[in-house]
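Below: the structure, in structure tokens.
Please treat every number below as a calculation from the coordinates, not as lab data. This is a predicted model, so every value here is computed, not measured. Using ideal geometry, Cβ is built from the backbone for each residue, glycine included, and neighbour counts are taken over all protein chains shown.
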Amino acid sequence: MGMNWKSLAAAAALSIAATGALAQGKTLRIVMHSDLKILDPIWTTAYIVRNHGYMVYDTLFATDADGQIKPQMVDKYDVSADQLTHTMTLRDGLLWHDGAPVTAEDCVASIKRWAAKDAMGQKMMTFVDSIASPDAKTIVIKLKSPTGLVLAGLGKPSSNVPFMMPKRVAETDPNTQISDFTGSGPFMFKRDEWKPGDKTVYVKFDKYKPRAEPPSSLAGGKVVNVDRVEWRAISDQQQAVNALLAGEIDIIEAPTHDLLPLLKADKNVTLYDWNPLGNQYTLRPNATQKPFDNPKVREALWYAFNQKDFLDATIGNPDYYKECKAMFICGTPLETNRGLEDKLTSNFAKARELLKEGGYDGTPIVLLHSTDLAVLTNLAPVAKSLMEKAGFKVDMQSMDWQTVVARRVKKDPANAGGWHAMLTSWVSADILNPVAAAFFNASCDKAPFGWPCDEKMEKLRDDYARATDPAKQKEIAAEVQQRAAEITTHINLGQWYQPGAHRPNVSGWLKAPAPVFWNISLK
């Protein structure tokens, strides 16, 4: 099992002692869902990197607990009567971690880099005529035609989040990872203490100026009540749980579902549902690789799969999962089964029929299998089994999640370091509409990994971006889902819920689409 919890306790004690001047109890120790190996939250959508982003960077706007977009780094926000000019004034006292003032010029460069990578940002930019900084505190966005995407985009709660970076950093090519990690957020990244596979360290940024409002999800005042946050890399879940039970760590972000009964039974542990909207499992085919360049072959996957097999294999307990065909999440305004009525039923005869129509020649499907995140580990074996029953040949290749994240962006042939299909999970806040949900982006090379290419889908997403009437938005979203089923941009494999666990000394953990660690106090 590796290091036991007693060894971990000794290591923790040494680490805390080494911080010297820090008062006892001011170090918050957390086991996150994944180790942190990539540090650029614009380069990747991986949630561990998004979580790192929320520690180090700040945003112009943020989403509150009611789903409303509120100013964050922005003090005043004004929209012209014709809805074409958006003017934002930065708050006083915003500083980068190196002491330099945050300027509008920094923010303009950051918006442009984010918008080049993010699905909603790309769509927003199709409406934008210009983004300028007429002075050090003012950002002006001029549009060619009205859209609600400016506020929705700049207040986007999850991957990719439009984090603000210094201009020198934001001018890095969006497809190249940054190497300077200066932010203006509530914590500073201690790069000198970062040891992938061991720990990631953040310290309080004393010059951070929180907003005056109380915190609400990702919005409001980001008040830091600890001196230091340590993310401990413990991949063995039983070991992490032992450490929590022994009081050697304070929080586990995402304990495995099979260990929840053990945690629930301990009077010194509280299970906390910090993301009540939950998550959605997804399979993403690579539309650029034969045989998945043929929509008939991709469509066969809809008939091969059923959600229950995936949910039972990964989550196991129906208290923490829900079968749901709606691609925009059950229980939300855009919920619909349009286009999916007969799909996700493991109709293998229909799947084989589609493979025959698509001329599938038995090419082995390179399926990426993530092995080190418990909530993902069993997805690929289930997919392999169901695909083989439908007539696919499957080459399942196992690797850790960070390797999947690095490999899924490669466009090499599948048999030469590329891939045909991979499985992941989206937090619900990322997939509530056709513009925000990245996997519906079918803009060819500009689309996220998988690179689907479909003019009709892009026209529908444009229509959604222009629509302001909720009834019209709902109808367009249903058409988007139907089109996604026809061309198979991706396949949704059910909703699931993930409580975190914390010790009784922890209070103030906020409910939000991402785990954030301002507002938390340690007794």
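Centroid-to-centroid, using Cα positions, region 116-185 and region 353-370 are 39 Å apart.
Using a Cα-Cα cut-off of under 20 Å, which aspartates and glutamates could be cross-linked to LYS290, ignoring same-chain neighbours fewer than 8 residues away? The reachable aspartates and glutamates, counting only those whose Cα sits under 20 Å from LYS290, are GLU299, GLU353, GLU357, ASP361, GLU388, ASP395, ASP412, ASP445, ASP454, GLU486. A Förster radius of 25 Å, combined with the Cβ-Cβ distance separating THR87 from LYS207, puts the computed FRET efficiency at roughly 0.40. A simple spin-label model places the labels of SER346 and SER179 5.1 nm from each other, with each point 7 Å out along Cα-to-Cβ. Using Cα centres only, tell me the gap between region 332-349 and region 447-489 in whole Å. Distance between centres, Cα-based: 16 Å. What list do you get for ARG113, ARG338 if you sort them by fewest beta carbons within 10 Å? So the residues, fewest neighbours to most, are ARG338, ARG113. Dividing the alpha-carbon radius of gyration of the chain by the rule-of-thumb value 2.2 N^0.38 Å gives 0.96.
Where in the chain are the DSSP H helices whose alpha-carbon span along the long axis reaches 15 Å or more and whose Kyte-Doolittle mean is at least 1.0?
5-18
If you place +1 on the Cβ of every Lys and Arg, -1 on the Cβ of every Asp and Glu, and leave all else neutral, what size is the dipole of the chain about its Cα centre, to the nearest 20 Debye? Write out the running numbers ahead of the final one.
Details: 61 positive and 60 negative charges, 59 e Å.
Result for the chain is approximately 280 debye, rounded to the nearest 20.
Between CYS453 and THR138, residue separation times 0.36 nm minus the direct Cα-Cα distance comes to 109.7 nm. Extension gain, LYS446-ALA313: 0.36 nm per intervening residue step, less the Cα-Cα distance, totals 44.5 nm.
The charge dipole of region 61-170, taken about its Cα centre with unit charges on the Cβ atoms of Lys, Arg (+1), Asp and Glu (-1) only, comes to about 360 debye. The trypsin sites (Lys or Arg not before Pro) of region 192-293 that DSSP puts in a loop, and whose beta carbon has at most 16 other beta carbons within 10 Å, are LYS207, LYS267. Applying a 4.7 Å cutoff between beta carbons, the unpaired cysteines of the chain are CYS107. Charges were assigned to the Cβ only: +1 to each Lys and Arg, -1 to each Asp and Glu. The resulting dipole of region 312-471 about its Cα centre is roughly 260 debye.
With a ≥ b ≥ c taken as the square roots of the eigenvalues of the C-alpha gyration tensor of region 61-170, please select rounded if a/c is under 1.5 and otherwise prolate if a/b is larger than b/c or oblate if it is not?
Note, shape of region 61-170 comes out rounded.
By the count of other C-beta atoms within 10 Å, a proxy for reagent exposure, TRP194, TRP426 are ordered fewest to most as TRP194, TRP426.
Between GLN482 and THR403, the simple label model (points 7 Å from Cα in the Cβ direction) yields a spacing of 4.4 nm. Contact order, relative form, for region 61-170: 31 percent (alpha carbon pairs under 8 Å, 6 or more residues apart, mean separation divided by residue count). For the cross-link pairs LYS137/LYS410; LYS142/LYS296; LYS123/LYS207; LYS37/LYS117, the ones whose C-alpha atoms lie over 31 Å apart are LYS137/LYS410; LYS142/LYS296; LYS123/LYS207. For ASP135, ASP35, the sequence from fewest to most other C-beta atoms within 10 Å is ASP135, ASP35.
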